[in-house]
1. Two decimals is fine: what's Rg over Rh for the range 254-360, C-alpha atoms, Kirkwood radius as Rh?
2. Answer with one residue from 287, 269, 198: the one whose Cα lies farthest towards the positive end of the charge dipole of the range 197-310, charges on Cβ with Lys, Arg +1 and Asp, Glu -1.
3. How much space per residue, in cubic angstrom, does the convex hull of the C-alpha atoms of the range 22-162 take up?
4. Students often forget the sequence filter, so: which lysines lie under 21 Å Cα-Cα from residue 426 once same-chain residues fewer than 8 apart are removed?
5. Quick check for me: using +1 on Lys/Arg Cβ and -1 on Asp/Glu Cβ, what's the dipole size of the range 295-438 about its Cα centre, in debye to the nearest 20?
6. Taking N as the number of residues in the range 180-252, what value does Rg over Cα atoms divided by 2.2 N^0.38 Å take?
7. Taking 0.36 nm per residue of separation and subtracting the Cα-Cα distance, what length does fully extending residue 157 through residue 310 add?
8. If you take the square roots of the eigenvalues of the alpha-carbon gyration tensor of the chain and sort them as a ≥ b ≥ c, do you get rounded (a/c under 1.5), prolate (a/b over b/c) or oblate?
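The values are calculated or read from the model by the stated rules, or taken from the named source; none is laboratory data. Only a predicted model underlies this, so the values are computations on that prediction, with no experimental measurement involved. All Cβ positions, glycine included, derive from the backbone under ideal geometry; neighbour counts span all protein chains shown. Please note that ligands, DNA and RNA were not included when accessible areas were found on the heavy atoms of the full protein model with its side chains. Shrake-Rupley method; radii C 1.70, N 1.55, O 1.52, S 1.80 Å.
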Amino acid sequence: MNATTASSAGSRQALGPDAEVVVVGGGHAGAAVVAQLRSQGFAGELVLISAENGLPYHRPPLSKKALLEGADMASMSLRPESWYVTHRVTRHVCATVTGIDRAARRVHLQSASAPESMTYDALILATGSAPRAWTDPVTGGDALGLADGVHVLRDFDDAVALRAALLACGHLVIVGGGYIGLEVAATARALGCEVCIVELAPRILQRVAPEATARLLRQLHQSHGVQIFEGAQVVVLQREGKRISSVRIQTAEGPLRELQADLLLAGIGAVPRDALAKACGLEVGNGIVVNAHGQTEDPAIWALGDVARHRDQSIRIESVGNANHQAALVAAALMARPEPLPLVPWFWSDQYGGRLQIAGLWQPADRWVERQEGAQGRSIWSYQGPRLVAVDAWQAPGAYVLGKKWLETGQYPPSEWLANQDHNLKDWVPQALSGVAS
């Protein structure tokens with residue numbers, strides 16, 4: 001091991017050319033941080049360990065194109081195999097890290113091809129998140145899975161299994177009205193399936209979007225024949241043999257209702273894969289707790305992506321943009337380089353050929369202003385008091401671009417100005433309204 005490991009983000013002591021960096025997790029965050037380390041000049045040994053078999057790949061298509069047209073690993077890969085060879089990134093696939101010895105700075109592995117253990121100067125945990133397990137609605141017991149006719153969607157293999165089931169399916173019930181559930185619903189309709197969405201909360205997108213966005217997408221799905229049951233819950237799966245034949249739900253109004261079903265998708269969120277960190281004594285709580293640089297309480301261990309949570313935030317941000325930004329932050333800290341500019345979180349969701357683009361973070365207490373954008377578009381602007389905090393733009397890329405820019409600069413129009421539909425977004429001039437932004 002090399003003694004020139006950065007002992008803390010503040011020390012600004014860069015990793016030397018003999019340092020060893022081990023990245024655990026072959027998803028977007030893991031792939032992004034090895035790329036960032038090389039681009040920022042790290043010349044030492046770089047190892048990427050993945051539990052999956054294959055190259056790191058784009059995950060957003062899993063609920064859309066991969067279901068509709070079939071998952072194609074070659075086209076979904078973030079980078080070709082040759083990139084990892086050229087940039088001297090040693091990849092171990094189908095490998096599981098079973099433990100971390102923090103005192104010895106060593107990880108232990110279970111793999112057919114990787115060493116049983118390896119040392120590190122810096123260990124980066126990018127283990128991602130796992131689908132929240134859906135338990136038996138009758139007993140509340142063991143999590144239900146494929147053997148029970150219950151699918152989840154998180155990785156390539158999930159997408160392959162779900163597509164095969166959808167092609168043989170006439171009726172799909174989706175438990176959970178979040179973005180994954182809505183995207184799969186749109187794709188399943190394109191494949192000819194009848195679709196019902198059952199959401200326990202009073203409305204779809206309850207935790208992540210204002211009512212205006214939920215209303216827009218609810219109407220969109222209903223116009224495509226999707227039945228949506230909000231404030232409802234599954235009370236039992238009916239089976240014929242081992243196959244699901246129907247799903248009985250209790251509706252918000254009280255009566256029970258029987259939904260015909262061939263398969264069920266549980267899209268009820270994700271939980272951080274933080275067991276490895278917890279087992280070695282790192283602080284966890286809705287993810288691995290990190291500081292502003294992505295560093296854990298152990299100066300040699302870092303975390304990023306879906307599994308990491310900033311100490312001062314209650315939520316984890318699960319997005320490609322956040323994974324890329326955290327990768328840049330961690331690499332900059334390890335290489336004693338200037339930090340990237342702060343990130344305004346951004347997301348997107350494609351449904352029925354339309355695109356919802358989101359910048360910023362909405363909170364349930366926020367108020368919002370809604371605008372028509374052209375013939376087909378809508379924009380929803382969320383405010384905390386006088387402060388603009390998020391924009392949701394459906395089929396309105398111009399509003400999204402302007403809103404993201406306004407959030408980044410902290411200069412934006414007051415909600416009263418946006419509420420006037422006669423105002424053109426491009427006409428707002430920050431200098432003319434100085435002082436309105438917080």
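1. Rg divided by Rh gives 1.12.
2. Of 287, 269, 198, it is 198.
3. Output value, Cα hull per residue: 134 Å³.
4. Straight-line reach from residue 426, under 21 Å: 404, 405.
5. With only Lys, Arg, Asp and Glu charged at Cβ, the dipole is about 120 debye.
6. Ratio of Rg to 2.2 N^0.38 Å for the range 180-252: 1.17.
7. Here the segment from residue 157 to residue 310 would lengthen by 52.1 nm.
8. Oblate, because a/c is 1.5 or more while a/b does not exceed b/c.
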